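A.B. asks: To start, I am sharing the structure in question, which I have written as structure tokens.
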């Protein structure tokens with residue numbers, strides 16, 4: 001397992017390959033459908049995103065008398081962010097996107113051009129992953145977007161994921177899709 | 001019959017935090033089959049650890065606590081409105097306690113109702129019967145897997161799928177390949193052959209109320225379920241779409257009559273976080289028995 005510290009170093013990110021298992025220490029910033037669109041439209045991010053990791057996640061967070069408690073925080077489907085992600089990578093200098101289910105050609109291309117990677121967290125593992133969140137550092141757009149869609153800034157320790165798109169534009173999702181389509185053709189003569 | 005909001009709250013908490021035994025057993029078996037050190041094994045190890053933590057913590061297995069489907073079998077003289085009101089109260093309370101995420105959003109204004117209640121949420125499916133038993137089943141279905149569910153109108157020229165059992169097989173396998181890992185594989189399919197666009201999808205979801213270890217009573221459908229399991233697990237999609245041996249954990253197929261002009265195959269994809277529990281109630285509205 002490779003340990004990654006945020007802010008991410010471009011040099012370290014470049015050494016990662018598809019299939020590598022990593023653990024993140026530092027900060028993860030959540031962004032899902034509404035925030036992705038907001039950033040895509042060119043609005044400034046309240047948290048500087050250069051060299052950071054964006055996490056596609058709509059957590060359950062309880063307000064315990066002013067103390068935030070993260071109850072569950074697994075990844076959401078990244079494919080919905082496909083129309084927006086390339087531009088966010090280009091504009092902000094993000095070094096990692098994280099979510100589940102993978103992303104498409106546009107994102108893989110942007111990753112290659114700007115030295116960014118895509119990390120696949122384990123879908124549905126909301127308790128395991130919530131335990132890796134040590135603190136809520138800030139929250140933005142809570143009123144405007146609602147709790148699941150808000151921009152949560154989490155401090156994390158040993159947050160696990162698998163590299164599925166690397167900085168050379170390799171994509172595990174692309175490979176598995178091609179292989180399984182071939183296997184399907186063999187099963188459906 | 002007294003309707004007891006506390007009972008429903010307990011049903012919601014348990015459904016959100018504990019997988020039914022048949023599903024947990026199947027996942028543990030799949031875990032042992034994936035190669036140690038592989039991404040597939042890493043995914044299943046994490047999933048098994050997560051199942052344990054959620055149960056211990058009494059907290060949601062997955063943060064997407066999904067759409068809320070309540071399948072109720074009620075005696076014919078039961079006060080259904082009172083039942084619905086009591087269940088909705090429990091849902092509001094479960095949301096405050098974090099057993100459910102705030103998950104009900106107006107599609108036009110984007111406003112989150114904040115308590116999981118609103119048009120279409122929850123979805124009640126109520127059946128009346130002549131006996132005096134009351135059984136309530138709950139399905140919490142996440143969005144990732146709902147988004148990869150699919151419906152086919154046969155014949156389908158792209159798939160060479162005609163109006164027969166082989167046509168249905170082709171559609172089902174196509175849905176598995178299109179889903180890849182996006183529905184949080186390894187998944188479980190509920191399938192309906194026949195019906196119309198509404199009843200087909202609805203009945204495919206109802207298949208998910210069956211236990212994985214109870215064989216289909218229809219021999220033809222049982223054979224199709226076995227064929228799908230064998231074929232789908234040769235596709236190499238694997239847990240989370242990382243590649244590997246386990247793409248599907250189960251396949252549950254039912255059928256409805258169709259009209260001569262239509263032939264639908266409806267496929268509901270359920271993620272590994274298969275949140276389905278049920279209770280039989282006594283006359284005080286307390287839990288007499290857990291059904292799964």
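A.B. asks: How many residues, within the stretch B:158-172, are surrounded by 23 or more Cβ atoms within 10 Å (Cβ to Cβ) and out of contact with any strand residue (DSSP E or B) (no Cβ under 8 Å at 6 or more places or on another chain)?
C.D. replies: Here the count works out to 0.
A.B. asks: Restricting to the stretch A:42-59, count the residues that are facing chain B (nearest Cβ under 8 Å) and farther than 12 Å from residue A:129 by Cβ.
C.D. replies: Within the stretch A:42-59, residues that are facing chain B (nearest Cβ under 8 Å) and farther than 12 Å from residue A:129 by Cβ number 1.
A.B. asks: Quick one: in the stretch A:62-82, of everything that is within 8 Å of chain B (Cβ to nearest Cβ) and assigned to a loop (DSSP other than H, G, I, E, B), which residue is farthest from the chain's Cα centre (by Cα)?
C.D. replies: A:73
A.B. asks: Related question: Applying the selection to the stretch B:43-86, what residues are in contact (Cβ under 8 Å) with a residue 24 or more places away in the chain and facing chain A (nearest Cβ under 8 Å)?
C.D. replies: B:43, B:47, B:54, B:57, B:59, B:60, B:61, B:62, B:63, B:64, B:65
A.B. asks: Restricting attention to the stretch B:184-211, which residues are farther than 21 Å from residue B:25 by Cβ and within 14 Å of chain A (Cβ to nearest Cβ)?
C.D. replies: If the condition is that a residue be farther than 21 Å from residue B:25 by Cβ and within 14 Å of chain A (Cβ to nearest Cβ), then no residue fits.
A.B. asks: For the stretch B:54-93, enumerate the residues that are in a loop (DSSP other than H, G, I, E, B) and out of contact with any helix residue (DSSP H, G or I) (no Cβ under 6 Å at 6 or more places or on another chain).
C.D. replies: B:66, B:76, B:77, B:78, B:79
A.B. asks: Still on this structure: Which condition number in (1) at pLDDT below 95; (2) touching a strand residue (DSSP E or B) at 6+ places or on another chain (Cβ under 8 Å) is the one that residue B:80 fails?
C.D. replies: Here residue B:80 meets the rest and fails (1).
A.B. asks: Now, a different point. Can you name the condition, by its number, that residue A:158 falls short on among (1) within 13 Å of chain B (Cβ to nearest Cβ); (2) surrounded by fewer than 24 Cβ atoms within 10 Å (Cβ to Cβ); (3) touching a helix residue (DSSP H, G or I) at 6+ places or on another chain (Cβ under 6 Å)?
C.D. replies: Residue A:158 satisfies every listed condition except (3).
A.B. asks: Suppose we filter the stretch B:127-175 for residues that are within 10 Å of another protein chain (Cβ to nearest Cβ), under 21 Å from the mean Cα position of the chain (by Cα) and in a loop (DSSP other than H, G, I, E, B); how many remain?
C.D. replies: 2
A.B. asks: Looking at A:39, A:4 in this structure, which one is more than 11 Å from chain B (Cβ to nearest Cβ), surrounded by 20 or more Cβ atoms within 10 Å (Cβ to Cβ), under 16 Å from the mean Cα position of the chain (by Cα) and outside any strand (DSSP E or B)?
C.D. replies: Criteria check complete, one pass: A:39.
A.B. asks: Another question, then. Of the residues that make up the stretch B:34-41, is at least one within 7 Å of another protein chain (Cβ to nearest Cβ) and in contact with a strand residue (DSSP E or B) (Cβ under 6 Å, 6 or more places away or on another chain)?
C.D. replies: The answer is yes; a qualifying residue exists.
A.B. asks: Determine which single condition residue A:86 fails, assuming it passes every other condition in (1) part of a helix (DSSP H, G or I); (2) more than 11 Å from chain B (Cβ to nearest Cβ); (3) touching a strand residue (DSSP E or B) at 6+ places or on another chain (Cβ under 8 Å).
C.D. replies: So residue A:86 meets the others, but not (3).
A.B. asks: Another question, if that's okay. Looking at the stretch B:87-120 only, could you name the residues that are facing another protein chain (nearest Cβ under 9 Å) and either without any contact (Cβ under 8 Å) to a residue 40 or more places away in the chain or more than 20 Å from the chain's Cα centre (by Cα) (or both)?
C.D. replies: B:96, B:97, B:98, B:102, B:103, B:105, B:110, B:111, B:112, B:114
The values are calculated or read from the model by the stated rules, or taken from the named source; none is laboratory data. Remember, predicted model here, so these are calculated numbers, not experimental data. Here the Cβ is made from the backbone with ideal geometry for all residues, glycine too, and neighbour counts use every protein chain on show.
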